[in-house]
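The values are calculated or read from the model by the stated rules, or taken from the named source; none is laboratory data. Small disclaimer: the values here were computed from a predicted structure and weren't measured. As a convention, Cβ positions derive from the backbone with ideal geometry for all residues, glycine included, and neighbour counts pool all protein chains shown. Each accessible area value is taken on the protein alone, full model and side chains, heavy atoms only, with ligands, DNA and RNA left out. Shrake-Rupley method; radii C 1.70, N 1.55, O 1.52, S 1.80 Å.
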Amino acid sequence: MLEHFNEGQVYEVLLVTHSNATPVGAVRKGEALNFKLFGGRSAEELKAHPYASIQITNDVELLVKLALNIPVNVEFAEGTSHRWIKGLPGIYGEVKLMEETYEDELGNATVLRCSLKPEGVIEGSLPPRPISRADYLLLEMAVDLTRLFVTTREVKVELARNLYERIWINYQMYKRFGGNSEIAEKIMGWAVSSLRWNP
């Protein structure tokens, strides 16, 4: 399955750990998929139990819901050392970990650099559903919303305003391209509420 990942490109995939599932941006390098975690439950679980699955989905709403901790209706299965979402294709294996300091416009953070070399394949199939331009915008809105939460918490007012503006522009384009998900409305509501704390 690794042959379907082009080297150097970032793929939005699902990382399934001991009791959590979250989207991550994975990049193939040689025979491994590399990704970064900025804290959170998945990072803590990998430190304690460094085994995981990486799975593929073309359901953008599933990615967004998991990113924003919105409940999802999926069924999990478990093997000896890993766990996965039933029906979705993927790979599993041991995760090599390395902690380091990362700095960007949001400030300094501890990042967990991860590398998973596949030890096995998870069987599954995806529905023949093409990804729309609206789907891409919904995903970008969710990513920017998580960053907006950080900037408002850290009182980075100018950056928060820029992120809010980007979310708003992407929301307008999302609607123009036919997007009609309730999640988009929730994202805009959360963005407005978050910005109000630091007008």
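Yes/no matrix, rows are residues, columns are (1) basic (Lys, Arg); (2) under 21 Å from the mean Cα position of the chain (by Cα):
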| residue | (1), (2) |
| --- | --- |
| Leu126 | no, yes |
| Ala134 | no, yes |
| Met141 | no, yes |
| Trp168 | no, yes |
| Lys186 | yes, yes |
| Gly189 | no, yes |
| Ser193 | no, no |
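When Val72, Val60, Val95, Val64 are checked against the criterion of being open to solvent by 40 Å² or more (accessible area, probe 1.4 Å), among the β-branched types (Val, Ile, Thr) and under 26 Å from Leu139 (Cβ atoms), Val72 stands alone in meeting it. Under the condition of being touching a Phe, Trp or Tyr at 6+ places or on another chain (Cβ under 8 Å) and modelled with pLDDT under 95, which residue from segment 26-59 is nearest to Leu116 (Cα to Cα)? Looking at the filtered set, the residue picked out is Lys36.
Need at least 3 residues that are open to solvent by less than 50 Å² (accessible area, probe 1.4 Å) and within 25 Å of Asn108 (Cβ to Cβ) per element, so show me which strands (runs of 3 or more DSSP E) inside segment 5-53 make the cut, counting only ones lying wholly within it.
On the way: elements: 10-16, 21-29, 32-37.
Fully inside segment 5-53 and qualifying: 21-29, 32-37.
Determine, yes or no, whether Ser115 is more than 21 Å from Glu61 (Cα to Cα), within 18 Å of the chain's Cα centre (by Cα) and small (Gly, Ala, Ser).
For Ser115, the condition - more than 21 Å from Glu61 (Cα to Cα), within 18 Å of the chain's Cα centre (by Cα) and small (Gly, Ala, Ser) - is met.
Screening the candidates Asn58, Asn69, Asn108 for the property of being without any contact (Cβ under 8 Å) to a residue 12 or more places away in the chain and either assigned to a loop (DSSP other than H, G, I, E, B) or of a type in the set (Lys, Arg) (or both) yields one hit, Asn69.
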